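**Student:** Shown below is the structure under consideration.
The values are calculated or read from the model by the stated rules, or taken from the named source; none is laboratory data. What you are looking at is a predicted structure, and each value in this text was computed from that prediction instead of being measured. When we count neighbours, we look across all protein chains shown, and the Cβ atoms used for this are built from the backbone with ideal geometry, even at glycine. Ligands, DNA and RNA are excluded from the accessible area calculation, which covers all protein heavy atoms including side chains. Shrake-Rupley method; radii C 1.70, N 1.55, O 1.52, S 1.80 Å.
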Amino acid sequence: MTRTRTLLAVIAVAVIAAAAGAGVAWLRIAPQSAPADTAALFASTFDDADGRPQPIAQWKGRPLVVNFWATWCPPCVEEMPDLQRVRDEYRGRGAEIIGVGIDNAARIREFRDRLGITLPLLVAGVGGSELARDLGNGAGVLPYTVLVASDGTVVQRKIGQVKPTELRVWLDAALSVQAAR
């Protein structure tokens, strides 16, 4: 009996340790639930891949999907054509999707040209990571996507690759709210 109790105690400790570890990991990578302050976002200006300054405030007042990404991030690269397709579908309805690159201009420009991406790709370098943290990405993981509603509030967050169906649901909801105002 002693051996069985010892085994059960070891299993119980292992289960508790695993649950605690999973909880800590979730807290580290889960988007913050507190409201994000978008003032820093809309006060930011980044060069596009061609070196032209692009103030993010130019997209204020409309639903804005902000995708933090990098050319060296496989899921970021994989989702970019999907972001382009959804942008093409929703741009005429007043929404915009932009990519904030945690990368350098040459790599972003080469990537854009190779894939024929036309959505705004901005060059933020490592400074983009701090902006992503301000918007709820406490772990600093890429890709990270947020939807800022037309009133300037962050209404959706996603750590990891975002799927086109998710983006469509987000944008349809944001556009419905905007139309109801």
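**Student:** Go through the stretch 104-110 residue by residue and turn each phi into a ³J(HN,Hα) via Karplus (6.51, -1.76, 1.60, θ = phi - 60°); whole Hz please, and just put x for glycine and proline.
**Tutor:** Here the 3J(HN,Hα) series is 9, 4, 4, 5, 5, 4, 4 Hz.
**Student:** Looking only at Cα atoms, what is the convex hull volume of the stretch 69-142 per residue, in Å³?
**Tutor:** 87
**Student:** Can you give the local net charge around Ile56? Use residues other than it whose beta-carbon is closer than 13 angstrom to its beta-carbon, Lys and Arg +1, Asp and Glu -1.
**Tutor:** -2
**Student:** Roughly speaking, to the nearest percent, how much of the stretch 66-181's 1.4 Å accessible area is carbon and sulfur?
**Tutor:** Of all accessible area on the stretch 66-181, carbon and sulfur atoms account for 53 percent.
**Student:** A follow-up question, please. Find the Cα radius of gyration of the stretch 46-181, compare it with 2.2 N^0.38 Å by division, and give the number to two decimals.
**Tutor:** Compared with the compact-globule rule of thumb, the stretch 46-181 sits at 0.96.
**Student:** Could you give the dipole magnitude of the stretch 71-181 about its Cα centre, charging the beta-carbon of Lys and Arg +1 and that of Asp and Glu -1, in debye to the nearest 20?
**Tutor:** The dipole magnitude comes to about 100 debye.
**Student:** Taking every pair of distinct Cα atoms and averaging 1/r, then inverting, what Kirkwood hydrodynamic radius in Å comes out for the stretch 135-181?
**Tutor:** By the Kirkwood definition, the hydrodynamic radius is 11.4 Å.
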